Amino acid sequence: MIDYRELFSAGAKFDAFAKTGLAGEIAAVKEARTKLASEEYLSSELQERIKQISGAWYLLTAAELWCPDCQRNVTAMQFISELQPNVSQAIISKSRAERTLLPALALDKVRIPFTVVLNANFEPVGTFVERPEKVVKGGEAELQAYREGTLLDETISDILAIIEKASV
């Protein structure tokens, strides 16, 4: 059985993770952070949902900074924890996730970013895989908007939906 608490403790904090890439990768993270921090980006409804989170939640994220999906989505997930201290994120490598999460969660492959949302007891309550649902289920227009970084709020919404469902 996997010890999620120990694995979370072994993960890197976002700031350390965000410095591990090449200049262009680091710049992509900074661009996503700038978008998220702009006052008009997140709707007041989404901000309110973040504020309403109660109890401790942990985002155990497998990611690599060379991955454009990770540059966008890991940054968006980190933004949740910046607005809501009840949510913490730790980042592990894809190879560590393949050694630990792949067998524990009976996955065929670890697609990054891969986030296991953990409750206060470090029990898994849901997962986020690679891209927001709106992009996965959408068409070319959603994929293009996602690549341009205009759907970061969808990542946040997907994570919040997992937390909200588990909070009931």
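The values are calculated or read from the model by the stated rules, or taken from the named source; none is laboratory data. As the structure is a computational prediction, the values presented were derived from the model and not from experiment. All Cβ positions, even for glycine, are placed from backbone atoms using ideal geometry, and neighbour counts span all protein chains on display.
Points to keep in mind about this one:
- Positions within the range 68-104 being farther than 24 Å from Ile2 by Cα and not in a helix (DSSP H, G or I), in sequence order: Gln84, Pro85
For (1) modelled with pLDDT under 95; (2) more than 24 Å from Ala28 (Cβ to Cβ); (3) of a type in the set (Phe, Trp, Tyr), each residue gets a yes or a no:
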position	(1), (2), (3)
Phe114	no, no, yes
Asn119	no, yes, no
Thr127	no, no, no
Arg131	no, no, no
Glu148	yes, no, no
Leu152	no, no, no
Thr155	no, no, no
Asp158	no, no, no
Glu164	no, yes, no
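- Per-region count, the range 105-133, residues of a type in the set (Gly, Ala, Ser) and not in a loop (DSSP other than H, G, I, E, B): 1
- Pick from the range 102-160, criterion within 18 Å of Ser54 (Cα to Cα) and among the charged types (D, E, K, R), ranking: surrounded by the most Cβ atoms within 10 Å (Cβ to Cβ): Asp158
- Residue in the range 79-94 that is without any contact (Cβ under 8 Å) to a residue 12 or more places away in the chain and not acidic (Asp, Glu) present: yes
- In the range 70-92, the residues that are within 30 Å of Ala23 (Cβ to Cβ) and surrounded by fewer than 21 Cβ atoms within 10 Å (Cβ to Cβ): Ser81, Glu82, Leu83, Ser88, Ala90
- Matching residues, the range 11-67, being among the acidic types (Asp, Glu) and under 17 Å from Asn86 (Cα atoms): Glu48
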